[in-house]
Amino acid sequence: MDAKPCTTSLTVKTSHVLPPDTNTHGTLFGGKLMAHIDDVAAIAAVRHARKPVVTASTDSVDFLAPVREGDSVCVEAFVTWTHTTSMEVFVKAVTENLLTGERKVCTTAFLTFVAVDDDGRPTTVPPVYPVTDQEKKLHEAAPARAEQRKARRKHSYELAETFGTDFPWDREF
């Protein structure tokens, strides 16, 4: 498989924040923004792999500034690093006050996607290479983030084993 530049996967989506999208504070529901993030990141991953993908993990989603009713939110994503069947996608969301033009980065996140074949099994993806200084910075730090994800996933499995599927009131104390 031929390597592709990060920009091949660049995906951008801008949405107007309307009243049904907001909470009692007049700001965008965090879950709504997370849905935008997953949607745009998945499109970026499919553009890179040209195969179906599934979300494997979402690293911390950091909400840096509120997105207010009437603002727009622009979500940008691209593949920063690949492994054999997985892709790391960087996402940045920018909120804009449409009346004043003031813009702020409101969220950043990293998501991992796995490409799957027709049977839903992981399948190989092409390598990615950075071109810009920002892409190079993200690409170089990606192996360390992958190790952190691996450790976090191991811990999640341990928690799942510890707590199981029963509700606390179903257990004998």
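What follows draws every value from the coordinates through simple rules; no lab data is involved. In this text, all values refer to a predicted model and were calculated from it rather than measured experimentally. Positions of Cβ are backbone-derived with ideal geometry, glycine not excepted, and every protein chain shown enters the neighbour counts.
Structural remarks
- Rg ratio (alpha-carbon, reference 2.2 N^0.38 Å) - the chain: 1.17
- Low-density loop cleavage sites - GluC sites (Glu not before Pro) in segment 1-102, where at most 11 other Cβ are within 10 Å (DSSP): GLU102
- Value of relative contact order over the chain, rounded to a whole percent, pairs C-alpha under 8 Å and six or more apart: 25 percent
- Rounded to whole numbers, the Karplus 3J(HN,Hα) couplings from phi for segment 159-166 are 4, 4, 5, 5, 8, x, 9, 6 Hz, using 6.51 cos²θ - 1.76 cosθ + 1.60 with θ = phi - 60°, and x at Gly and Pro.
- When the chain is treated as a GNM with alpha-carbon contacts under 10 Å, the residue of ALA42, ALA151, ALA65 showing the greatest mean-square fluctuation is ALA151.
- In loop segments of segment 50-128 as defined by DSSP, the trypsin sites (Lys or Arg not before Pro) with at most 16 further C-beta atoms inside 10 Å of their C-beta are ARG50.
- Antiparallel content of DSSP bridges confined to segment 4-165, in %, to 5: 95 percent
- The Cα center of segment 9-56 and the Cα center of segment 119-142 differ in position by 20 Å.
- For the pair PHE29 and HIS83, the difference between a 0.36 nm per residue extended length and the Cα-Cα distance amounts to 16.2 nm.
- When the Cα positions of PRO127, PHE167, VAL53 are compared along the charge dipole of the chain, PRO127 comes out farthest toward the positive end, with charges on each C-beta of Lys, Arg, Asp and Glu.
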